[in-house]
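Below is one structure; the comments refer to it alone.
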Amino acid sequence: MLYHMYEMNHAAVGPARALADAGRAYFRNPMNPLSFTPVGKSMAAGFDLFERATRRYGKPEFGISSVEVNGKSVAVTERVVWEKPFCKLLHFSKEGVGNNQPKLLIAAPMSGHYATLLRGTVETMLEDHDVYITDWVDARMVPMSEGRFDLDDYVDYLIDMFACLGPNANVMAVCQPSVPVMAAVSLMEADKNPNAPSTMTLMGGTIDTRINATEVNKLAEDRDISWFRNNVIVRVPFPHPGMMREVYPGFLQLSGFMSMNLDRHVTAHTDLFQHLVEGDGDSAEKHEEFYDEYLAVMDLTAEYYLQTVETVFMRHDLPRGTLKHRGQKVDPGAIERVALLTVEGEHDDISGVGQTEAAHKICENIPASMRQHYLQPDVGHYGVFNGSRFRKEIAPRITKFILDHAKSDDRKTTPAKSAKRSA
């Protein structure tokens, strides 16, 4: 019922949104004398804000057409190299650049926003790496006939992607994927799978949420799983392809994101109004680019969301050594050949300081020479994987770590049991 009300409200404000579009065009028309007055500029800015506040933001494009490599601009082509109903593996192929750069799989969060939120991450890493990224599909766009998708499926998807990339790839998990990435690598190492990555970089991940619990962590601790099922899980309505699928809808996730820093978002939109009135196009454009991305959200399958909440935030299965994948125990102690780098932000209010670093204690059999932890000063959660400090201080460390621990094709070709699991 909640999803239906959301759709009805969106449809109900359609005429007002169209009127706002017309009003904005009227007060910005250079042939209209009012467009040069403070009143006209304020009206145009007000109509603009109303339209942006009531529109539905679709999935953005990566739009990376070129990147600088060794001081030269090279063309970038985006293509799908692997696909299943709930995810596509995108490859950013660089024209004229051979296979001498290390393969890097960026595991994007499946936590509400699209993978394009990591556009800046991809652009930065493209200079020195052959980049792939998980492009998760909006659950409301996946028909019920395609079946379920839960945390176990997520791990299977990752193992299949590593098989697609072949030996000696590298993986960088941004926030939420840290747990399933560690689970996938643990299972592959236990199976002596030759496609296990050379390095595993975990950034702002919720490996052990018992450490420096944030407000997000406390929300899960204060409620049982039935509360989440009864209050945030709804069915996708007609006419979406995934109609009748149970999901945690994107609009509810967005309301949670916004409420955590509501004063900051209100201030940002107040500033946007002033920029529009004053004709400060550059500042207004930067604001609009950010919120076009931030306000674009996707639905998550109910089974994946609830299993993640219960496994990661309530029971803490991975750090307690009780995590299982399709009945098989996940043992991070099996990881011996994969180098580990963890990265945290000093002011992270989503994944508290120490939660990602906990991976080192869990992966106890990785040699000391193959592990490293870095705490980035003066950044919050998003600063860990995007922005100027990421480009100048974090990304170079990741690149150096990957190059320092690159492996040659010397792994045993032991048949992987994981192929049976994902068949």
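Here, each number is a calculation from the coordinates, and none is a lab measurement. The structure presented is a predicted model; accordingly, all values stated were derived computationally and were not measured. Every residue, glycine as well, gets a Cβ built from its backbone with ideal geometry; the counts of neighbours run over all protein chains shown.
Here are some notes:
- Efficiency of FRET from Cβ geometry, Trp227 and Met141, R₀ 35 Å, rounded to 0.05: 0.80
- Protection proxy ranking, peptides 19-27, 171-179, 70-78, 123-131, average beta carbon neighbours within 10 Å, highest first: 171-179, 123-131, 19-27, 70-78
- Three-way shape label, region 136-195, alpha-carbon gyration tensor, a/c 1.5: prolate
- Shape category assigned to region 128-261 from the gyration tensor of Cα positions, a/c cut at 1.5: oblate
- Relative exposure of Asp156, Asp378, judged by other C-beta atoms within 10 Å (fewest first): Asp378, Asp156
- Legend: residue pairs Lys94/Lys407; Lys84/Lys407; Lys59/Lys400; Lys72/Lys400; Lys88/Lys400, Cα-Cα distance threshold 24 Å; pairs beyond threshold, Lys84/Lys407; Lys59/Lys400; Lys88/Lys400.
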